[in-house]
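Student: Take a look at the following structure, please.
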Amino acid sequence: MQQVFYLVQKEFRQVFRSKIMIGILFVAPLIQILVLGNAVTTDVTNLKVVLFDNDRTPMSRELLRRLANSEYFIPIEVEDDYTKLSQYMDRFEANLALAIPGGFQRDVVRKSAPKVQAMVDGLDGNSAGIALGYVAAIVQKYNADIIMMEPGLRNEARAVRQVKLEPRFWFNPNLESRVYIVPGLIAIILTIITVFLTGMGIVREKEIGTLEQLMVTPIRSWQLILGKIIPFAVLGFIEIIIIMVFVYILFGIGVAGSIPLLLFESGIFILTTLGLGIFISTISETQQQALFFAWFFMIFGILLSGFFIPIANMPEVIQWITYLNPLRYFLVILREIYLKGSPLAYLLPETFAMIAFGLAVFTLAVVRFRQRLV
Amino acid sequence: MTDKNAVEVVDLVKRFGTFHAVDTISFTIRQGEIFGLLGANGAGKTTTIRMLCGLLKPTGGKATVAGHDVYREVPKIKKSIGYMSQKFSLYEDLTVKENIEFYGGVYGLEKGQIEEKSTALIRELGLENRSNTLTSSLPIGWKQRLALSTALLHDPEIIFLDEPTGGVDPISRRSFWKLIYDIADAGKTVCVTTHYMDEAEYCNRVCIMYQGRIVELGSPSQLKEKHNLPTMQDIFIQTVDR
Ligand SMILES: Nc1ncnc2c1ncn2[C@@H]1O[C@H](COP(=O)(O)OP(=O)(O)O)[C@@H](O)[C@H]1O
Ligand SMILES: [Mg+2]
């Protein structure tokens, strides 16, 4: 155990002596929070919408009025020529086109599935999903109001119809994206710090030759591994706390749930990232290679985590693949704890998934690391 | 010098794919001896040393170091040897004192022992004024001597030095060799690789490696007599040229 102490001490001395490391650890997260917290916005406002009404009845006009009056939409035109809608879309002059077909009011009255057609600019899948969400919410409300006006319906049926809301907006009622982004940022920054520092830290020693020097000493490979991961795990936790403080000061967003639970879940999560760092060090001879591999894994990890693109918006096959991504679970857990204050009991499936992945990745990495030593 | 063997190597082979980096070599190093492994770049010196230090598994053959088998008793070997790799082996971003403390700690010395050794070592090397400066700021000659001293902290029986004087000026090389003599005088065995043939003259016995094989083995004077040549330099050129 004494050997591990000296390894850890050495690592901390090196980290705190390096201006670059201080920058990576303390300045970079601040910038990331400031920039991402403000720039990666999933708020979709000022959507330009073209409306087309082929029904021209009181009911269709009422629906259009509601859409046009929504704070999220700017109606640029009410068209009477259907073919013009696609022209607007093609020229990117509208983000959204809504068409009410003839016979809408008749279908509503007959309760025979009235339809509204919506065309969304899908280039930005994320905004598209949210824009559709707005439309859905407005239509839903419209539905509900019509049903309320209808005398024949039983109360239970009404209730059931009305509660149906887009769940995505539940815990972020103002659709303020920052609230949603911030817990994600903790996950991303923690991933970056632990994967990169562990991987690069080991490979750097390979490059300068000190790893070989360490390998002729009587220290065991598990001591060497502990000596490498303890410092970066500790730095990871310090990092989480720093981010939470930054976020509270800058955006006034605090943790709704238990901070010890949040740290506990983070501890499980970094088992995977530290393992990945060790694994990367076994397949890289130089720091450049390590950097490349780290990015390679992290791009997939982040893109398939639901941080930028909601998983529900992904193709089904990709959605299945995201189940293999521990970051996906950690993101859910962080958002639950941060925003809803969920207790551990509600987070068990995700927690167990992370434990399983963590143990698997970490064990594989350590086995590979030991094989490579001699 | 005694007649016990510190290192015994019999038909040792290391293959990388189909390439024989070390090709069936045999030699022994006696206790207290300064043994030189000579050869041009790529001759197989580093590969040989790494197998003896337990850093690389041999492909075939037998070898013992301090009586321990290189296949099965690597942990025991590690306790009995010191090693200075071809690459620089100290942390440039740690101070002189921190480097000594670190390696002492990793070798399992106790805190008091580390303190004691590091003070003595810093005094011996004349680094009193520099013990708290970063190792990167030391001249290369001093760095090499410091590296050697840290490799000796745990008092090993045998010490392997892989091109310890590469890139070092002649004056520093002399003082480095003085240190090697001190080590041998203290009863330790030294195995050193070099491609400076003047350094070969300082060794008790040498072997010359060429393309993974040993082509000459003996004391410098024996070899000079055998080939009837005045210097190791001439012998090296002749053996490698034929
Ligand atoms: N890990 C390795 N994989 C493949 N070839 C290697 C490896 N290590 C060394 N070699 C090759 O083995 C030969 C001997 O290398 P080395 O022992 O380093 O020579 P020396 O130390 O005498 O300069 C060289 O040709 C080198 O390229
Ligand atoms: Mg070499």
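The values are calculated or read from the model by the stated rules, or taken from the named source; none is laboratory data. Quick caveat: nothing in here was measured; it's all calculated off a predicted structure. When we count neighbours, we look across all protein chains shown, and the Cβ atoms used for this are built from the backbone with ideal geometry, even at glycine. Only protein heavy atoms, including side chains, enter the accessible area calculation; ligands, DNA and RNA are left aside. Shrake-Rupley method; radii C 1.70, N 1.55, O 1.52, S 1.80 Å.
Student: Between B:Glu124 and B:Lys178, what is 0.36 nm times their sequence separation minus the Cα-Cα distance? Round to one decimal in nm.
Tutor: Gain on stretching B:Glu124 to B:Lys178: 18.2 nm.
Student: I would also like to ask the following. Extension gain A:Gln371-A:Gln32, at 0.36 nm per residue separation less the Cα-Cα distance, in nm?
Tutor: 118.3 nm
Student: Would you mind calculating the gained length between A:Tyr248 and A:Thr83 on full extension (0.36 nm times residue separation, minus the Cα-Cα distance), in nm to one decimal?
Tutor: 54.4 nm
Student: Here's something else I'd like to know. Rounded to the nearest whole Å², what accessible area per residue is found for chain A with the 1.4 Å probe?
Tutor: Per-residue accessible area for chain A comes out at 49 Å².
Student: Which cross-chain or sequence-distant (5 or more) residues have an amide H under 5 Å from the amide H of A:Asp53, H modelled 1.01 Å from N in plane?
Tutor: Those qualifying (amide H under 5 Å, at least 5 residues apart or on another chain) are A:Glu79, A:Ile100.
Student: So, one more: In chain A, which whole DSSP H runs stretch at least 20 Å along their own axis (Cα) and average 0.5 or higher on the Kyte-Doolittle scale?
Tutor: In chain A, the long hydrophobic H runs are A:125-149, A:177-208, A:221-251, A:259-283, A:287-303, A:348-373.
Student: Quickly work out the B:Ile171-to-B:Thr133 label distance, labels modelled 7 Å from Cα along the C-beta direction, and quote it in nm with one decimal.
Tutor: Inter-label distance under the simple model: 1.5 nm.
Student: Additional query: With a 1.4 Å probe and every protein chain kept in, tell me what percent of the accessible surface of chain A is carbon plus sulfur.
Tutor: For chain A, the apolar C and S fraction of the accessible surface comes to 65 percent.
Student: So, one more: Just to be sure I understand the rule: take each whole DSSP H helix in chain B, project its Cα atoms onto its long axis, keep it if the span is 18 Å or more and its mean Kyte-Doolittle hydropathy is at least -0.5. Which ones pass?
Tutor: B:170-185
Student: Do any residues of the stretch A:346-374 show a loss of at least 10 square angstrom of accessible area between the isolated chain and the full protein assembly, using a 1.4 Å probe, and if so which?
Tutor: A:Leu373, A:Val374
Student: Now for a different question. How much accessible area is lost when chains A and B come together, counting both sides, with a 1.4 Å probe, in Å² rounded to the nearest 100?
Tutor: Accessible area lost upon association: around 2700 Å².
Student: Using a Förster distance of 41 Å, how high is the FRET efficiency between A:Leu303 and B:Ile140, based on the Cβ-Cβ distance and rounded to 0.05?
Tutor: Efficiency computed from Cβ-Cβ geometry: 0.30.
Student: What's the center-to-center distance, using Cα atoms, between the stretch A:72-99 and the stretch A:194-262 in Å?
Tutor: 52 Å
Student: Have a look at A:Val116, B:Trp177, B:Cys207 and report the one farthest towards the positive end of the charge dipole of the protein assembly as shown, computed about the Cα centre with Cβ charges (Lys/Arg +1, Asp/Glu -1).
Tutor: Projecting each Cα onto the dipole axis, the largest value belongs to A:Val116.
Student: Can I ask one more? Projecting each Cα onto the charge dipole of chain A (Lys/Arg +1, Asp/Glu -1 at the beta carbon, about the Cα centre), which of A:Leu211, A:Pro101, A:Val15 comes out farthest on the positive side?
Tutor: Of the listed residues, the answer is A:Leu211.
Student: With r defined as the distance between the Cβ atoms of B:Arg15 and B:Arg72 and R0 fixed at 30 Å, what FRET efficiency is calculated, to the nearest 0.05?
Tutor: The pair B:Arg15/B:Arg72 has a calculated efficiency of 0.90.
Student: So what's the back-of-envelope 222 nm ellipticity for the protein assembly as shown, counting only DSSP H runs of four-plus at -39500 (n - 2.57) apiece and dividing by all residues, rounded to 500?
Tutor: -17500 deg cm²/dmol
Student: A further question on this structure: Could you pull out every one of the aspartates and glutamates with an alpha carbon less than 12 Å from that of B:Lys226, ignoring same-chain neighbours closer than 8 positions?
Tutor: The reachable aspartates and glutamates, counting only those whose Cα sits under 12 Å from B:Lys226, are B:Glu216.
Student: Kindly give Rg over Rh for chain A, based on alpha-carbon atoms, with the Kirkwood expression for the hydrodynamic radius.
Tutor: 1.11
Student: Among A:Ile76, A:Ile186, A:Ile229, which one shows the highest mean-square fluctuation when chain A is modelled as a Gaussian network with alpha-carbon springs under 10 Å?
Tutor: Among A:Ile76, A:Ile186, A:Ile229, the largest GNM mean-square fluctuation belongs to A:Ile76.
Student: Which value, in nm² and rounded to one decimal, describes the direction-averaged projected area of the C-alpha convex hull of chain B?
Tutor: 13.4 nm²
Student: Shifting gears a bit: Indicate the residues belonging to the stretch A:1-31 that lose 20 Å² or more of solvent-accessible heavy-atom surface (probe 1.4 Å) upon moving from the chain alone to the assembly of all protein chains, ignoring ligands and nucleic acids.
Tutor: A:Gln2, A:Gln3, A:Tyr6, A:Lys10, A:Arg13, A:Gln14, A:Arg17
Student: Determine the share of the stretch B:5-214's accessible area contributed by carbon and sulfur atoms, expressed in whole percent, with a 1.4 angstrom probe.
Tutor: 50 percent
Student: How much accessible area per residue does the stretch B:1-126 have, counting only protein heavy atoms and a probe of 1.4 Å, in square angstrom?
Tutor: Roughly 42 Å² per residue, with all protein chains present.
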